[in-house]
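Below is one structure, written out as structure tokens, with a few remarks after it.
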RNA sequence: GCCCCCAUCGUCUAGAGGCCCAGGACGCCACCCUUUCAAGGUGGAGAUCAGGGGUUCGAAUCCCCUUGGGGGCACCA
């Protein structure tokens with residue numbers, strides 16, 4: 001095999017938001033390129049004009065960018081010029097290239113005009129299905145005489161262009177699966193490469209572009225495995241050198257079918273919006289279908305790039321396991337610097353404010369002070385409001401029923417809360433620190449014969465409204481003396497009132 | 001229906017003939033730590049390596065068959 005520079009690409013189609021599967025394919029291409037000092041290219045396959053949109057394109061670009069998968073060559077975006085020697089990288093801007101290639105195939109009779117209408121083809125497919133036959137183009141237009149063509153033209157029919165598949169066996173050496181062979185007769189007959197309206201189709205553009213962009217390795221999902229023979233035939237017909245192929249295992253729904261929007265959360269943006277961080281998603285995706293062969297598992301993009309190899313890619317599909325992603329997300333959140341975490345938490349807090357889940361935004365100092373206690377408790381960034389939101393609301397409503405610890409009754413709770421209020425009021429006058437609060441409150445519990453845990457739980461619920469919170473004294477400090485006392489008073493009032501009623 | 005691909009704990013995987021009556025991780029359970037919740041630590045349950053035939057002194061690992069699963073078969077990508 002001749003040595004050529006490593007050039008790989010991710011070629012998404014802007015017909016939907018960035019999909020987890022596309023992100024994984026992009027990642028593997030990226031890692032492969034980085035590992036081998038190759039070039040990672042982004043190409044937009046937007047020839048399905050009806051379904052493509054700018055909004056999807058933006059979502060895809062933003063998502064790849066967010067994941068840190070920067071491309072070496074790619075289209076112009078947001079006013080920034082295209083990068084790379086093979087611009088444009090958007091297929092609808094490359095129509096001339098396809099037109100020229102199509103003209104060549106037509107001139108060499110490797111392709112021919114087909115005048116069948118969609119309705120006729122549909123009928124043909126229906127018939128095949130009814131007869132339990134594989135759907136296959138009949139080849140009706142393969143050998144039209146000039147007169148017959150003229151007749152169709154006179155009718156006003158516009159032809160599509162079909163590629164002659166021919167006979168024989170196409171074989172290739174897949175980098176993850178080994179040798180794959182398929183008989184061309186199993187390809188479904190001659191296939192359309194240019195629509196009647198003149199726009200080119202996927203199988204055609206992908207080959208023309210991969211050749212034009214000198215792609216050395218086509219790394220894509222297994223759903224393309226059976227398309228590969230078509231592509232190889234096209235590479236040959238056009239006289240292009242074929243790239244090497246590697247087909248990645250599919251990412252699966254829990255029921256082991258191809259991951260889909262219907263059964264799983266597939267949009268990368270949704271994961272980001274829920275507070276999964278890029279490090280975790282990249283790490284998780286890399287380990288879906290590939291492993292280092294060691295027991296390492298927490299790996300950064302750089303560490304992954306240093307270890308990646310196609311030989312270790314799994315052949316079987318992999319079920320997307322959200323729980324494991326969440327665990328990895330926690331691992332990565334804990335590895336962030338406090339300042340970085342504060343920064344990343346901001347948008348989520350802003351969203352909580354918009355939604356009315358909190359009444360004000362914490363200052364940077366407030367947030368920063370919470371990090372030691374918050375960092376190890378956050379499964380996702382989106383959980384921040386749930387974790388410490390009570391600190392930033394104007395009032396909490398502690399239900400009398402939950403205010404009373406399991407082992408206590410209302411009277412005891414009331415007594416305890418009043419006593420605790422006095423202790424806190426007396427010790428916190430000058431400064432308000434956790435290690436100033438804890439000893440006297442423990443002493444109080446001891447003196448009254450209460451379990452410290454019960455006393456702490458009553459206080460916890462009184463000031464936060466909930467039974468699960470960060471450590472109590474850190475929480476009181478974060479709340480501040482005045483608000484702590486205020487919430488205690490309010491809880492005492494409510495509990496007392498509940499008894500009267 | 002036809003073609004192609006795949007097959008180790010529930011899930012992600014290690015394993016490339018003896019180191020494996022199969023290792024790690026997530027999840028689950030228990031215990032420890034502990035004011036709650038987490039995090040962390042320790043331990044446990046969990047896979048007759050889909051089944052059946054070969055090959056071999058020896059197979060999760062090689063071959064064949066069966067079964068099961070998946071993907072593809074568009075003027076979508």
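Numerical summary
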read-out: Residue within the range A:107-119 that is in a helix (DSSP H, G or I), within 13 Å of RNA strand B (Cβ to nearest atom), at negative phi and surrounded by fewer than 13 Cβ atoms within 10 Å (Cβ to Cβ) present; value: yes
read-out: Enumeration of residues in the range A:195-210 that are out of contact with any strand residue (DSSP E or B) (no Cβ under 7 Å at 6 or more places or on another chain) and part of a helix (DSSP H, G or I); value: A:202, A:205, A:206, A:207, A:208, A:209
read-out: Selection count where residues are closer than 25 Å to residue A:286 by Cα and more than 8 Å from RNA strand B (Cβ to nearest atom), scope the range A:225-240; value: 1
read-out: Condition broken by residue A:55, with the remaining ones in (1) under 35 Å from the mean Cα position of the chain (by Cα); (2) closer than 23 Å to residue A:204 by Cα satisfied; value: (2)
read-out: Cβ-Cβ under 6 Å pairs, at least 6 apart or on other chains, the range A:451-466 side farther than 18 Å from residue A:395 by Cβ and near RNA strand B (Cβ under 9 Å from one of its atoms), far side part of a helix (DSSP H, G or I) and at pLDDT 95 or above; value: A:452/A:442; A:452/A:445; A:455/A:416; A:455/A:445; A:456/A:472
read-out: The range A:172-194, subset in a helix (DSSP H, G or I) and more than 6 Å from RNA strand B (Cβ to nearest atom), residue farthest from residue A:315 (Cα to Cα); value: A:185
read-out: Residue satisfying all of: in the range A:341-366; under 19 Å from residue A:271 (Cα atoms) and either within 16 Å of RNA strand B (Cβ to nearest atom) or in contact (Cβ under 8 Å) with a residue 60 or more places away in the chain (or both); surrounded by the fewest Cβ atoms within 10 Å (Cβ to Cβ) among these; value: A:344
read-out: Breaking point among (1) within 16 Å of RNA strand B (Cβ to nearest atom); (2) crowded, with 18+ Cβ neighbours inside 10 Å; (3) outside any loop (DSSP other than H, G, I, E, B), for residue A:92; value: (2)
read-out: Residues of the range A:122-169 classified as near RNA strand B (Cβ under 10 Å from one of its atoms), loosely packed, with under 11 Cβ neighbours inside 10 Å and over 26 Å from residue A:234 (Cβ atoms), total; value: 2
read-out: Residue match in the range A:55-63 (condition: over 30 Å from residue A:155 (Cβ atoms), in a strand (DSSP E or B) and either in contact (Cβ under 8 Å) with a residue 12 or more places away in the chain or within 12 Å of RNA strand B (Cβ to nearest atom) (or both)); value: no
read-out: Restricting the range A:313-340 to residues that are in contact (Cβ under 8 Å) with a residue 60 or more places away in the chain and either within 6 Å of RNA strand B (Cβ to nearest atom) or over 13 Å from residue A:287 (Cα atoms) (or both), the residue that is surrounded by the fewest Cβ atoms within 10 Å (Cβ to Cβ); value: A:316
read-out: Those residues of the range A:29-54 which are surrounded by 17 or more Cβ atoms within 10 Å (Cβ to Cβ) and within 12 Å of RNA strand B (Cβ to nearest atom), in sequence order; value: A:43, A:44, A:45, A:46, A:47, A:52
read-out: The range A:241-260: number of residues that are near RNA strand B (Cβ under 7 Å from one of its atoms) and either closer than 20 Å to residue A:290 by Cβ or assigned to a strand (DSSP E or B) (or both); value: 5
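Rundown of residues vs (1) within 29 Å of residue A:164 (Cα to Cα); (2) out of contact with any helix residue (DSSP H, G or I) (no Cβ under 7 Å at 6 or more places or on another chain), yes/no style:
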position	(1), (2)
A:56	no, yes
A:72	no, yes
A:79	no, yes
A:82	no, yes
A:93	yes, yes
A:98	yes, no
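The values are calculated or read from the model by the stated rules, or taken from the named source; none is laboratory data. What you see is a predicted model, and the numbers here were worked out from it, not measured in a lab. Here Cβ is always computed from backbone atoms with ideal geometry, including for glycine, and neighbour counts include all displayed protein chains.
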